[in-house]
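For reference, the structure discussed in these notes is given below.
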């Protein structure tokens, strides 16, 4: 899930509490569709999504409205006609990150590899802009939030020039409680992971006996 450049106009009648905003414009990929319904505009789609029980957003390029749930939003996106991706404004990227910690610091990067590289807004996949730990079991990176939130989705950005397989197996935790366990056979560059947990500390704990490299961590949720 990538933020669209600039500010996005909110959609939804003033009397309606559910409002949507663009998080990605002219996207060539979209979340899997939970339901397709006829629609003639993004505003029309927003009203239909608001009335659907599990809809948290929709893709709009041309009819139909492609509504999606949190589950498909957090899974792999599929190729599609160019579309704008909208989500509810009560599910949005949380920027109130107060700090971070990590289990250890890699000695291979000199002064680099600090956990702050994973929360600096730099989405580049190069190791010199990523956090990195020593090679050992149970390595982790944790971010502290300025206040507790209900974490619904975590987006992780991997590195592409050294050990991307370090994110092939990890436990995603909120306040020490696992909300998702990820086991993959092949590395990813960017991926979304559902969580659904309330707290103020989000940790990525490696399940491998190697270093843990993480280029960027973004949270989606609400208070």
What do you reckon, is residue 68 at pLDDT 90 or above and within 19 Å of the chain's Cα centre (by Cα)?
no
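Residue by residue, here is whether (1) assigned to a strand (DSSP E or B); (2) surrounded by fewer than 18 Cβ atoms within 10 Å (Cβ to Cβ); (3) touching a strand residue (DSSP E or B) at 6+ places or on another chain (Cβ under 6 Å) holds:
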{"residue": "141", "(1), (2), (3)": "yes, no, yes"}
{"residue": "144", "(1), (2), (3)": "yes, yes, yes"}
{"residue": "148", "(1), (2), (3)": "yes, yes, yes"}
{"residue": "155", "(1), (2), (3)": "yes, no, yes"}
{"residue": "162", "(1), (2), (3)": "no, yes, no"}
{"residue": "166", "(1), (2), (3)": "no, no, yes"}
{"residue": "170", "(1), (2), (3)": "yes, no, yes"}
{"residue": "178", "(1), (2), (3)": "yes, yes, yes"}
Within region 169-180, how many residues are at negative phi and either at pLDDT 95 or above or more than 15 Å from the chain's Cα centre (by Cα) (or both)?
8
Please tell me if residue 187 is in contact with a helix residue (DSSP H, G or I) (Cβ under 7 Å, 6 or more places away or on another chain) and either assigned to a strand (DSSP E or B) or at pLDDT 90 or above (or both).
yes
Looking at (1) farther than 20 Å from residue 221 by Cα; (2) touching a strand residue (DSSP E or B) at 6+ places or on another chain (Cβ under 8 Å); (3) crowded, with 16+ Cβ neighbours inside 10 Å; (4) modelled with pLDDT of 90 or more, can you tell me which one residue 118 breaks?
(1)
Region 209-221, residues that are at pLDDT 90 or above and either surrounded by fewer than 17 Cβ atoms within 10 Å (Cβ to Cβ) or assigned to a strand (DSSP E or B) (or both):
209, 210, 213, 214, 216, 217
Taking region 22-42, which residues are within 21 Å of the chain's Cα centre (by Cα), at pLDDT 80 or above and crowded, with 18+ Cβ neighbours inside 10 Å?
22, 27, 30, 31
Give me the pairs, please: first residue somewhere in region 89-100 and more than 16 Å from residue 122 (Cα to Cα), second residue anywhere and at pLDDT below 85 and loosely packed, with under 15 Cβ neighbours inside 10 Å, beta-carbon distance under 8 Å, and either six or more positions apart or on two chains.
89/10; 90/222; 91/222; 92/222
So how many residues does region 189-200 have that are over 13 Å from the mean Cα position of the chain (by Cα) and surrounded by fewer than 17 Cβ atoms within 10 Å (Cβ to Cβ)?
2
Flag if residue 198 is under 19 Å from residue 127 (Cα atoms) and assigned by TED's automatic domain parsing to the domain that holds residue 123
no
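The values are calculated or read from the model by the stated rules, or taken from the named source; none is laboratory data. The structure displayed is predicted, hence computed values, not measured ones. Cβ atoms come from the backbone with ideal geometry, glycine included; neighbour counts cover every protein chain shown.
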